[in-house]
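Have a look at the structure below before the remarks.
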Amino acid sequence: MSPFKFAVINPLLHNELRLKIMVALDSLESADFMYLCQITDSTRGNLSVQITTLKEAGYLDVSKTGIGRFSRTTCSITRKGAEALRAYEDGLRRMFTERVPENDTDKQKIR
């Protein structure tokens, strides 16, 4: 019998701001950058960095319209992002509900 192991959770989503962005976009078709800034209580710089990280992972689509000061950035979650978010949520649920078996033969007792 192999030793018990906890569920694996996605470290990319295990960041408060990135998780807030993903949860918000999962419930919306898309969201404006400034709206995301407001609801996540983030600075523009930090939000921008985290959106770029999620975009590079393939979790978000980001589009810009307009030019210069009048540009508008809109974000939406991708299918890959939505699947990653579901897996993250499932992993957390398992971590809170699974128990280390009493008869785990590889456990070490600390006295």
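Brief remarks follow.
- Sites HIS14 and LYS55, calculated FRET efficiency, Cβ-Cβ separation with R0 22 Å, nearest 0.05: 0.80
- The calculated FRET efficiency for ALA24 paired with ARG69, based on their beta-carbon distance and R0 = 25 Å, is about 0.50.
- Cβ-derived FRET efficiency at R0 22 Å, ALA87 paired with MET34, nearest 0.05: 0.15
- Positive contributions from Lys and Arg (+1) and negative ones from Asp and Glu (-1), summed over other residues with Cβ under 12 Å from the Cβ of CYS37, come out at 0.
- Å² per residue, accessible surface of segment 20-105 at 1.4 Å: 67 Å²
- Helix 44-56 and the long axis of the chain differ in direction by around 70°, with both axes built from C-alpha atoms.
- Mean separation of Cα contacts under 8 Å, 6 or more apart, over the residue count of the chain: relative contact order %: 37 percent
- Each other residue within a Cβ distance under 15 Å of GLU83 adds +1 if Lys or Arg and -1 if Asp or Glu, for a net charge of -1.
- Every pair of different Cα atoms in segment 1-75 enters the Kirkwood calculation, which places the hydrodynamic radius at 13.6 Å.
- Surface composition of the chain: carbon plus sulfur atoms contribute 52% of the solvent-accessible area (1.4 Å probe, protein chains only, all chains present).
- Helix content alone sets the calculated 222 nm mean residue ellipticity of the chain: runs of n ≥ 4 DSSP H residues at -39500 (n - 2.57) each, divided across all residues, give -15000 deg cm²/dmol.
The values are calculated or read from the model by the stated rules, or taken from the named source; none is laboratory data. Bear in mind the structure is a predicted one, so any value in this text is a computation, not a measurement. Ideal geometry is used to build each Cβ from the backbone, glycine not excepted, and the neighbour counts take in all protein chains shown. Quick note on the areas: whole protein, heavy atoms, side chains included, nothing else; ligands and nucleic acids left out. Shrake-Rupley method; radii C 1.70, N 1.55, O 1.52, S 1.80 Å.
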